[in-house]
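Report on the structure given below.
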Amino acid sequence: MNKLLTILLLIFLFLSCKNDKKSELEFYVENQTSFFDLRNGDWTKNSWIRKPENLKIVHESFKKFGYDKLKNLIFKNDNEFLIQGIYIKRNFENLMDSLELTYSKPEIQTKYYVEFWNRRKAEQNDSIVYEIIREFNSMKSDKKPLNYQNQFENDTLVDLLKIEFDNENLNSKKAVTDFYTLKKYGFNQSAYNLLYERAEYSELELDREKLRKELTKTTEFEQPWLIDNEK
């Protein structure tokens, strides 16, 4: 009898684990915007960001949100920096100053800057890259936010930046607003991650099960914009 009870207990535990696993494998629809690969893709192979009009959109959106709030995107040391997985062995501030200076003065360009600007010219985006660098450098020197041109900024991108990087006064009310913003744009997997997989939201009081049931399911996992940051 004891042996039978042990077997039944093991079967029960196995079935419980199986049910838990099933719930973990619930996936949710994630909208793939035109700029989606900027979040999870390889910037060095991204053709969308190389188009001048798209560089303008991203720049104006960053300006509206505030470049100063995005400083954690760049990991800097004295003579090197890392941005979106791209490692460059140069001082970031010096590099930005030198790129602005050498754009219209080929006579003072070293090999690095010649190659940089030649690549931009080949991609036909050198003028907008120069404009971005010049405005970014002026922001550093003036210590003032840049005025953005709202006809170019992208509301979806700005709202996503607010959710991910503007969390100083995060509370339950803002978390629910963030959830519905993601849902409005079709980022259901991101909204799920906000409820269950994001450290900054984990201690907030939310009716997670009620909110989760409002999300649209799918049968296959789709890479989310708002990634799991708890693993």
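The residue that is farthest from Asp178 (Cα to Cα), among those in segment 110-131 that are surrounded by 18 or more Cβ atoms within 10 Å (Cβ to Cβ) and in contact (Cβ under 8 Å) with a residue 60 or more places away in the chain, is Asn125. The numbered conditions (1) open to solvent by 50 Å² or more (accessible area, probe 1.4 Å); (2) at pLDDT 95 or above are all true for Tyr148 except (2).
Within this structure, Asn193 passes the test of being open to solvent by less than 50 Å² (accessible area, probe 1.4 Å) and modelled with pLDDT of 95 or more. Looking across Ser104, Ser98, one residue alone is more than 26 Å from Asn40 (Cα to Cα) and open to solvent by 70 Å² or more (accessible area, probe 1.4 Å). It is Ser104.
Identify, please: which residue in segment 41-88 is open to solvent by 40 Å² or more (accessible area, probe 1.4 Å) and polar (S, T, N, Q) and is, among those, modelled with the lowest pLDDT? Among those residues, the one meeting the criterion is Gln84.
Filter segment 132-142 down to the residues that are touching a helix residue (DSSP H, G or I) at 6+ places or on another chain (Cβ under 9 Å) and loosely packed, with under 15 Cβ neighbours inside 10 Å, then identify the one that is farthest from Lys71 (Cα to Cα). I'd like the intermediate steps shown before the answer.
Initial filter on segment 132-142 (touching a helix residue (DSSP H, G or I) at 6+ places or on another chain (Cβ under 9 Å)): 132-137, 139-140.
Imposing the further condition that a residue be loosely packed, with under 15 Cβ neighbours inside 10 Å reduces the set to 134, 140.
Numbers: Arg134: 17, Lys140: 12 Å.
Filtering segment 132-142 for residues that are touching a helix residue (DSSP H, G or I) at 6+ places or on another chain (Cβ under 9 Å) and loosely packed, with under 15 Cβ neighbours inside 10 Å, the one farthest from Lys71 (Cα to Cα) comes out as Arg134.
Annotation: of all residues in segment 181-190 being surrounded by 13 or more Cβ atoms within 10 Å (Cβ to Cβ) and of a type outside the set (Val, Ile, Thr), the one that is nearest to the chain's Cα centre (by Cα) is Ser190.
If you go through segment 157-215 and keep only what is closer than 17 Å to Asn40 by Cα and of a type in the set (Ser, Thr, Tyr), you end up with just Ser190.
The values are calculated or read from the model by the stated rules, or taken from the named source; none is laboratory data. Keep in mind the model is a prediction, meaning the values are calculated, not measured. Note that each Cβ is placed from the backbone with ideal geometry, even for glycine, and that neighbours are counted across all protein chains shown. To get the accessible areas, we keep the full protein, side chains included, count just its heavy atoms, and leave off ligands, DNA and RNA. Shrake-Rupley method; radii C 1.70, N 1.55, O 1.52, S 1.80 Å.
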